[in-house]
Amino acid sequence: MRTPIQLKIGALLTGLFLAAALVSLFYTPHSVTGVNIAGKLAPPGGAHLLGTDHLGRDLLSMLMIGARTSIAVALVAVGIGIALGVPLGLAAAAHRGTWADEVLMRGNDLIFAFPSLVIAILITAVAGPSALNAILAIGIFNIPVFARVARGAALSLWTRDFILAARVAGKSRARISAEHILPNIANLLVVQGTIQFSLGILAEAGLSYVGLGAQPPTPSWGRMLAESQTLFYSNPGLAMFPAGCIILTVLGLNLMGDGLRDLLDPRLRRAVS
Amino acid sequence: MIEISNLSLTIGTHPILRDVSLSLEPAQITGLVGESGSGKSMTALSIMGLLPRAARTTGSITFDGQDLRQTPERRMCAIRGNDIGMIFQEPMTALNPVQTIGAQVAETLRIHGVASRAKAQEIAAQTLARVGLPPEKVPPDRYPHQLSGGQRQRVCIAMAVALRPRVLIADEPTTALDVTTQAQILTLLQDLVQQDGMALLLITHDLAVVSQLADRIAVMQNGQLLESGPARSTLTAPQHAYTGALLAAAAHSPRRAAPPKGRPLLRVQNATRIYPTARETPFSPPGELRAVDRVSFDIKRGESLGLVGESGCGKSTLTRAILGLDALQEGAITLAEAPVTPDMPAETRQKMQVVFQDPYSSFNPRHRVSRILREPFHLSGIPKDLPDRIAKALTDTGLSPEDAHKYPHEFSGGQRQRIALARALIAQPDLIVLDEAVSALDVQVRAQILDLLADLQARYALTYLFISHDLTVVRAVTDRTMVMQAGKIVETGPTEDIFRTPQHPYTRALLAAAPRLETI
Amino acid sequence: MIRFAAFRLLSLCLSLLAASLVVFCVIEVIPGDTASFMLGLNASPEAEAALRSELGLDKGLVARYLAWAGGMLTGDFGTSYTYRVPVADLVAQRILVSLPLALYALILSTLIALPVGLLAAALRGRAADYGIMGITQLGIAVPNFWFGMLLVLAFAITYRIFPAGGFPGWEAGFGPAMRALTLPAVALALPQASILARVMRSSVIETLDADFIRTARAKGLSEGQAIRRHAFRNALIPVLTIIGLQFSFLLAGAIIIENVFYLPGLGRLIFQGITQRDLIVVESVVMLLVFAVITVTFLVDIAYALVDPRLRRR
């Protein structure tokens, strides 16, 4: 099987930012906690490869740690969505048409009525802002997404004869869901996972831009954009780097998702939109 | 009228058709038969000029002196629907779900610019009445989902014949329909051919259908046209060995032992299963559908019992209850005196196995055959001699022990039904429920599987419940037959008696509607 | 059709009830003592007691919920603790910025996406299709608030076509108000239009594979006619779902992008509410946002039934 070109480009971009985030755990070119007003707004080149911001902090270092924040938030949020959403969706499909299915799906619809931002607002209002809030808000929003995908794909599998055969063998619905359904929808979940990952990056950027995400002094791409906004019209370059990081990461993840979809099963094009 | 000569077709590097030559004559029905993948449909789509983009053709398709292969797309649009009409196999999806049937028939007239909007609607209504959908019974402002499968196929026919084309191509037009509906649609097609003097190309896998309708028969295999000629001579004295083999396979009846006189193995008493139906208003009580209505019967040990009936008669619901998947509201089922319920013990469950219709959805695509064959031991625990048992079950069903390491997609449809049989056999059951188990198979493969079933029954004293809509097959392989209609068993008796002297009017209607292969 | 609408209306009411319970629980139950939470650590016991009685915290939870929900129904959203004015008055001005902005963006996104998606589907596999898909891929990846900044730089600062920010109010007339909302709406619409165009394209392509398109072609329709007359409406069905979902993204996006354009919308109000711990404002605005999303979902359901006759009978 040929690896689709999107997959290669996507994996390369994603891998690049993932590597930057990992490296930032033990090495950054400069410290980002110290403020150096004298060295503020240094142009790219020299000691600061990408220059410094309005407080004199090294942009490259900020971006590396920002990658860590963004990726961690989005990844954990996808984890929450899969861990809670997939079992719910499988359970709903296994008990199709019963009150349990109805309650689960109506619950799903209810969460859909709360955009991530609104959940973040609610949590922040009672618990104060933090990166954890962003994780929770995006993660909660991911739950119904994965539940729906899992339920939809599982429903079409439940009509297959091999499921009937398993039931004739006396297997329980939970066992069938784990043994027969889950492995057959895993491809779909991986593809949806990359899509939610990329949406998570964007959502995290939006939340930290309005101050509902990671708090100072932790650098994050969204807040770097917010901080550069007042200087944007005199110094637009400052906003280009974080924006570029967001765009390339999201682009990479989306390309990877498309590529995976083509690689794993061309029929998935229909199931995921 | 249409003359296909030396038509070859390739898609990419795959040859699909090779040197196909065939002619269609006015007021004649040409039956094009062959097994799946033989190139029947591609021949039809070549005439219509609706082949996939990647297709490349050589040869010629002449219609009224013009070669349709060379005809530009604009001109083809004017020919399609006007001079040549076509209907397809699947009436459930062939109509646009969001347009009324009247509008869809009228569109044929409008698109060819032959009638004003009002006039087109009028002609559409007349055409619908002509194909058996009179406005007082089925108004043209209905949507497709409000119609039955047979009615939808009538709408498709109305769209195709609204402009009285000179050629009509029908690709498996009745394959998705019940036998009584099939008979009505075939009669309708026959009438239209006579009234309009159309040439009809009837594509089907069912030799019995062609034998009853066609004036001429053409036989295809692997993209080649093996023979074509007058129907009678092709059926009685086929030129090609393959045609003879097809005919023999269609009429095949495996050798079976005399019916046993043992004790009942499965007893169904007063079985009733009721489904709630949609509420009329949010506050009215739900209605009820008695899917299985006080059904009682026995199957003796070693017997083959046939269950026939049309879709929606309650066969599937009854089967699910017998397999212990759904509970009954009333009545009881016992297998060797042990009650059959959704939570019956492992011993009872293992005594009963099942083979389904669709060989492509019967197995988890991610499991190897060895794992598939292990599944029946889920409740009882894996026996120590499992590898031996797997080897034996595979050998018994005509496969080889090495097949245990393969995945289902590595097998053909017929081989997959053998795997399904192996899965049923491995737990050494008493009863095997064969739920349309040979219905999806090509006629030659079907004959082999029927032989295998008869052989296994004799060897292991198996009892079969043989559920099918195909009356010919039921007649060939069962000792007794039950006829089911609207949730009730309307007639039961020895199979030959049922087929020779049916008592119930419904049984008679079914038998009258079933096409018979008339060879000699 | 009426029965269908009645069923959906019933489910709309149930959703609102459930959503209001969730909001009430988060705001009024989880923090424990709402009054001391709002006033912070240094509040005097007297002030807390006064606020407690003002909020009706001495009453039971059920009574408080009923009073709050009943008030919402009659347009009484309570009094803002920090502004000392009825929340209803505060919200009324702000929502006339945020809601039109979200709707404006929704209309823009739909108007751009449907033709583009249809075009890409008609040209599938050709260079133009790959080009369009590449642009949409990029469009999805661009954060809308940063795109907003770019738009200001281009169309308000370099070329002075649109105002850089602020809102003159609807009393200044429809034209100037719409002018102020245009750049934010475009910024919001771009990513959503990209998503929608992709959905539209794949939906049309999938519909083109349907049996009834083959039937239509056999009737003599050209490929273009088959797309226009049969594929378009059927392809709209999944697209409608996405449009419905997008409204909630757009509303949330509107709240964020108000910061870029200094628009006096709900976003400013709610963020001030959060910093000042004015839970009454937060609670009401959140409920209002959720109400808007649920109502749009309801409207999409009705639109579904208009497009697809199969749904009308349920």
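Each value in this text was obtained by applying a stated rule to the coordinates, not by laboratory testing. On a predicted model such as this, the values are computed, not experimentally measured, just so you know. As a convention, Cβ positions derive from the backbone with ideal geometry for all residues, glycine included, and neighbour counts pool all protein chains shown.
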Open item on the list: Can you tell me, using C-alpha contacts under 8 Å and at least 6 residues apart, the relative contact order of segment C:211-314 as a whole percent?
Closed with: 28
Open item on the list: Can you find, among B:Ala158, C:Leu103, B:Pro15, the residue sitting farthest towards the positive end of the charge dipole of the protein assembly as shown, where Lys and Arg contribute +1 and Asp and Glu -1 at Cβ?
Closed with: B:Pro15
Open item on the list: Testing the spin-label approximation: label points 7 Å from Cα along Cα→Cβ at B:Thr501 and B:Arg255. State their distance in nm.
Closed with: 3.0
Open item on the list: Over all directions, how big on average is the projection of the convex hull of the alpha-carbon atoms in chain C, in square nanometres?
Closed with: 20.7
Task: Cα-based Rg of the protein assembly as shown normalised by 2.2 N^0.38 Å, two decimals - done: 1.09
- [ ] Report the one residue of C:Met38, C:Ala18, C:Val62 whose Cα lies farthest in the direction of the positive end of the charge dipole of segment C:2-73 (charges on C-beta: Lys and Arg +1, Asp and Glu -1; origin at the Cα centre).
- [x] C:Ala18
Task: Fluctuation leader among A:Phe17, A:Phe241, A:Phe26 - chain A, Gaussian network, Cα springs under 10 angstrom - done: A:Phe26
Task: Net charge, C:Val97 excluded, C-beta distance under 11 Å - Lys, Arg +1, Asp, Glu -1 - done: +1
Open item on the list: Please report the antiparallel percentage of DSSP beta bridges with both residues in chain B, rounded to the nearest 5.
Closed with: 55
Open item on the list: Counting only other chains, and only Cβ atoms inside 10 Å, what mean value do you get across the residues of A:77-89?
Closed with: 0
Task: Cβ-based exposure ranking for B:Glu107, B:Glu491, B:Glu3, in which fewest neighbours within 10 Å come first - done: B:Glu3, B:Glu491, B:Glu107
TODO: Name the residue, out of C:Ala113, C:Ala303, C:Ala187, whose mean-square fluctuation peaks in a Gaussian network model built on chain C with Cα pairs under 10 Å.
DONE: C:Ala303
- [ ] In a Gaussian network model over chain C where Cα atoms closer than 10 Å are linked, find which of C:Ser80, C:Ser36, C:Ser203 has the largest mean-square fluctuation.
- [x] C:Ser36
TODO: Enter the mean number of other protein chain beta carbons within 10 Å of the beta carbon of each residue in C:247-258, as an integer.
DONE: 4
Task: Footprinting exposure proxy for A:Trp221, C:Trp68, C:Trp170 (fewest neighbouring C-beta atoms within 10 Å first) - done: C:Trp170, C:Trp68, A:Trp221
Task: Cβ-placed point charges (K, R +1; D, E -1), dipole of chain A about Cα centre in debye, nearest 20 - done: 740
Task: chain B - percent relative contact order, Cα under 8 Å, separation 6 or more - done: 16
Open item on the list: Modelling each spin label as a point 7 Å along the Cα-to-Cβ direction, I'd like the A:Val103/C:Glu54 distance in nm, to one decimal.
Closed with: 4.1
Task: Contact order normalised by residue count of chain A, Cα under 8 Å, 6+ apart, percent - done: 27
Open item on the list: With 10 angstrom as the radius, rank A:Ser220, B:Ser380, B:Ser211, B:Ser228 by how many other C-beta atoms surround their C-beta, starting from the fewest.
Closed with: B:Ser380, B:Ser228, B:Ser211, A:Ser220
Task: Computed E for A:Asn235/C:Asp89 - FRET, C-beta separation, R0 35 angstrom, nearest 0.05 - done: 0.30
Open item on the list: At R0 = 25 Å, how high is the FRET efficiency between C:Cys25 and C:Gln276 if r is their beta carbon distance? Nearest 0.05 is fine.
Closed with: 0.70
TODO: Run the dipole for segment C:2-73 about the Cα centre, Lys and Arg Cβ at +1, Asp and Glu Cβ at -1, nothing else charged, and hand back the magnitude in debye, nearest 20.
DONE: 580
Task: Structure-based [θ]222 nm, the protein assembly as shown - -39500 (n - 2.57) summed over DSSP H runs of at least 4, per residue, nearest 500 - done: -17500 deg cm²/dmol
Open item on the list: Rounded to the nearest 5, what % of DSSP beta bridges with both residues in the protein assembly as shown are antiparallel?
Closed with: 55
Open item on the list: A 31 angstrom limit on the alpha carbon distance is what I want to check against. Which of B:Lys351/B:Lys488; B:Lys315/B:Lys351; B:Lys351/B:Lys406; B:Lys40/B:Lys119; B:Lys40/B:Lys488; B:Lys315/C:Lys219 exceed it?
Closed with: B:Lys40/B:Lys119; B:Lys40/B:Lys488; B:Lys315/C:Lys219
TODO: Please state the charge dipole magnitude for the protein assembly as shown, taken about the Cα centre, from unit charges on C-beta atoms (+1 on K and R, -1 on D and E), reported in debye and rounded to the nearest 20.
DONE: 740
Task: Estimated FRET transfer efficiency (C:Thr158, C:Met178; beta-carbon r; R0 35 Å; 0.05) - done: 0.95
